[in-house]
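Report on one structure; see the data block that follows.
The values are calculated or read from the model by the stated rules, or taken from the named source; none is laboratory data. Because the structure is a prediction, the values reported are computed rather than measured. Here the Cβ positions follow ideal geometry from the backbone for every residue, glycine too, while neighbour counts run over all protein chains shown. What goes into the accessible areas is simple: the full protein's heavy atoms, side chains included, and nothing from ligands, DNA or RNA. Shrake-Rupley method; radii C 1.70, N 1.55, O 1.52, S 1.80 Å.
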Amino acid sequence: MDLDAHIRKFKPDISDLTATNYVEDLGRLHEKANGSRQMDSGGAQSLADMLQFNRSLTSLNVSGNDIGDGGKSAIGDALLSSSTSKLQFLTCSEWSITADTSSLDLSRKELNAADAKLLAGVIKFNRSLKSANFGGNDIGDEGTAALSEALNHRPRPTRGPFEAVRSVCY
């Protein structure tokens, strides 16, 4: 039985589910289906489905997983379309936004549109980030649009206004 079939059998109330339990259960399901707990793009899609409606998760670490561009886009799109998410902090293999992050320099990190979407999904709900530099990346029109959308719907920062997005792409 594949991961999606396991997940269809396992249908928690995702709106109130604690993210820790969901991610642990998702890891167990993935291990049962694939012999590994490492999340792939399919697992990231399932996580994205939960994140779109979850009202309790504030921080997530997906580093060390192989979620790929499809998983990054899925999570980013879910967060961008959510009106109830509380996710403000995320760590992935390329970058990390924590409670202490007020500035983020992602220049020349070889980021693409999927990376920008994932980042935009977190920025939409983050209250601590005040500036970001994306120069030297190829995030394209899709990534630029996602970041623009996130900044337009972002809550008021707790430590001053968002000062700048430097060099979104070139």
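Roughly speaking, what is the stretch gain from THR91 to ARG154, that is 0.36 nm per residue apart minus the C-alpha to C-alpha distance, in nm to one decimal? List each step's numbers first, then the result.
Numbers: separation 63, 0.36 × 63 = 22.68 nm, distance 1.91 nm.
Result for the pair: 20.8 nm of gain on full extension.
Which value, in Å², gives the accessible area per residue of the stretch 52-166 when a 1.4 Å probe is used on the protein heavy atoms? Intermediate values should be presented prior to the final figure.
Numbers: 5160 Å² over 115 residues.
Value returned for the stretch 52-166: 45 Å² of accessible area per residue.
If I compute solvent accessible area with a 1.4 Å probe over the protein chains, what percent of it on the stretch 106-155 is carbon and sulfur? Spell out each step's value before the answer.
Values: 750 of 1900 Å².
The computed percentage sits at 40.
At a Förster distance of 30 Å, what's the computed FRET efficiency of SER81 paired with ASP138, Cβ-Cβ distance as r, to 0.05? Please list the in-between numbers first.
Working: r = 24 Å, r/R0 = 0.81.
Here the calculated transfer efficiency is 0.80.
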